[in-house]
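**Q** Attaching a single structure in structure tokens format; questions to follow.
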Amino acid sequence: MKAVVMAGGKGSRLISAKGQVNKHVLPVYDRPMIEHVIRTLVAGGVTEVLVLLNWFYPQTVMEVLEDGTRLNCDIYYRYLREVDGPGRQLYLAEKWVGGEDFIIMLGDSLYLHPLDFRHLTAPHLWTMPSENLDDDLSKYGQVMVDGDKVTKLREKVSYRFGELITTATWLFPPSVFDLARGLDAETKGEVHVAMLSQGFIDRGEMTHTTLPVGSYIDLGTPDALLRGANMLQARAKVAQLITG
């Protein structure tokens, strides 16, 4: 299975922390941020990963991940000179993906619960209950569902729309590129992954898997970065106690 990791963007929410380095290599407890992403993908069944980079210190990401041998996968890179939305970056992956379903995961994601990408039908996304959410709801997309079907999506609204938020992972069919091109013409280049999800929701095709409360963290802010590191540290200490 193939996955595309979005590791572009300016990292403006972490501007005070990032300095002269791509935010995706900032440490989150014991590993760089993007290494947590790759390990989550590989554990879920991914064998090939395409990392989409931009002009902001791409070499730091490549130095951390290299060709993926250490992480039990094959890693490739594509480079976008302009800082653009994730939907536009996605075009760089079209030929590489070929005719297969594929995963998209944002590079500043931390999952504290395993994801399994095997035996799923695209399009699919991963949700999490919004209860006890430490962050502002307006950072997330919120969805309504009917069984395993996603019926409605509201992106980054401050009021409570549904009981579930979207996390930063999607399983898309290759037809997503045609959908993106259509939206690109309508929005004059302002295509985002949420718009692609909405297109499949409107067709009644999008399904979802709900993860446990607190099992996903968007690491894009200093507070979230610290919270993620603390949770990983606590989990490591529990594991040490269990194993002796």
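The values are calculated or read from the model by the stated rules, or taken from the named source; none is laboratory data. Worth saying up front: this structure is predicted, and the values here are computed from it rather than measured. For neighbour counting, all protein chains shown are included, and Cβ atoms are generated from backbone atoms with ideal geometry for every residue, glycine included.
**Q** Quick one: what pairs do we get from segment 22-38, first residue closer than 18 Å to residue 112 by Cα, second among the hydroxyl-bearing types (Ser, Thr, Tyr) and modelled with pLDDT of 95 or more, C-beta under 7 Å, 6+ apart or different chains?
**A** 37/109
**Q** Still on this structure, please answer the following. Evaluate the following for residue 235: is it of a type in the set (D, E, K, R) and either outside any helix (DSSP H, G or I) or surrounded by 13 or more Cβ atoms within 10 Å (Cβ to Cβ) (or both)? Step through it out loud before you land on a result.
**A** Working: of a type in the set (D, E, K, R): yes; either outside any helix (DSSP H, G or I) or surrounded by 13 or more Cβ atoms within 10 Å (Cβ to Cβ) (or both): no.
Against the criterion (of a type in the set (D, E, K, R) and either outside any helix (DSSP H, G or I) or surrounded by 13 or more Cβ atoms within 10 Å (Cβ to Cβ) (or both)), residue 235 does not qualify.
**Q** Does at least one position in segment 84-100 carry a residue that is touching a Gly at 6+ places or on another chain (Cβ under 9 Å), part of a loop (DSSP other than H, G, I, E, B), at pLDDT 90 or above and among the acidic types (Asp, Glu)?
**A** From segment 84-100, those touching a Gly at 6+ places or on another chain (Cβ under 9 Å) are 84-89; that's our starting set.
Then keep just the ones that are part of a loop (DSSP other than H, G, I, E, B); that gives 84-85.
Subsequent filtering for residues that are at pLDDT 90 or above retains none.
No: segment 84-100 contains no residue that is touching a Gly at 6+ places or on another chain (Cβ under 9 Å), part of a loop (DSSP other than H, G, I, E, B), at pLDDT 90 or above and among the acidic types (Asp, Glu).
**Q** Checking the structure you have, find out if any residue of segment 47-60 is of a type in the set (Val, Ile, Thr), modelled with pLDDT under 95, over 17 Å from residue 168 (Cβ atoms) and over 17 Å from the mean Cα position of the chain (by Cα). Spell out how you get there, then give the answer.
**A** Let us first name the residues in segment 47-60 that are of a type in the set (Val, Ile, Thr), namely 47, 49, 51, 60.
Still in the list and also modelled with pLDDT under 95: 60.
Retained after the next criterion (residues that are over 17 Å from residue 168 (Cβ atoms)): 60.
Retained after the next criterion (residues that are over 17 Å from the mean Cα position of the chain (by Cα)): 60.
Within segment 47-60, one or more residues are of a type in the set (Val, Ile, Thr), modelled with pLDDT under 95, over 17 Å from residue 168 (Cβ atoms) and over 17 Å from the mean Cα position of the chain (by Cα).
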